[in-house]
Amino acid sequence: MIGFYVLNSQQFFAVPETWVGTIVLGLLGYVATLIFVLIELRVISWHHGMYAASEKA
C-alpha cells in the first residue's frame, strides 16, 4: 500500500508525497529492525552469554 503510494506519486511528479512515502518506509524498516533485535536478544540470550563466557576463558 505504501509502495503503491510512492510509485503513484513518482509517476505524477508529486515530489513531496514521494519523500513522505520514502521516509515512512524508512521509519517502518527501522522500527521493524529494532523489534527484531529485541526479540533476538530475548530469545537467544543464552547464546550471547555463552559467547561472553568463552571470550573470558
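Taken together, the values in this text are just the output of simple stated rules run on the coordinates, not laboratory data. The shown structure was predicted, so the numbers you read here are calculated from the model rather than taken from an experiment. Don't worry about glycine lacking a Cβ; one is built from the backbone with ideal geometry, like all the others, and counts go over all protein chains shown.
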Computed, not fitted: 222 nm per-residue ellipticity of the chain from DSSP H runs ≥ 4 (each -39500 (n - 2.57)), nearest 500, equal to -30000 deg cm²/dmol
If you line up the long axis of helix 2-11 against the longest principal axis of the chain, both from Cα atoms, how many degrees apart are they, to the nearest 10? 40 degrees
The range 12-17 - phi-based ³J(HN,Hα) in whole Hz, Karplus 6.51/-1.76/1.60, Gly and Pro as x: 9, 6, 8, 4, x, 5
Zone residues, the range 19-42, relative to ALA52, backbone N less than 15 Å from point 7 Å out along Cα-to-Cβ: 41-42
Taking chymotrypsin sites (Phe, Trp or Tyr not before Pro) as exposed when in a DSSP loop with at most 10 other Cβ atoms inside 10 Å, the chain has its longest clean stretch at 14-57
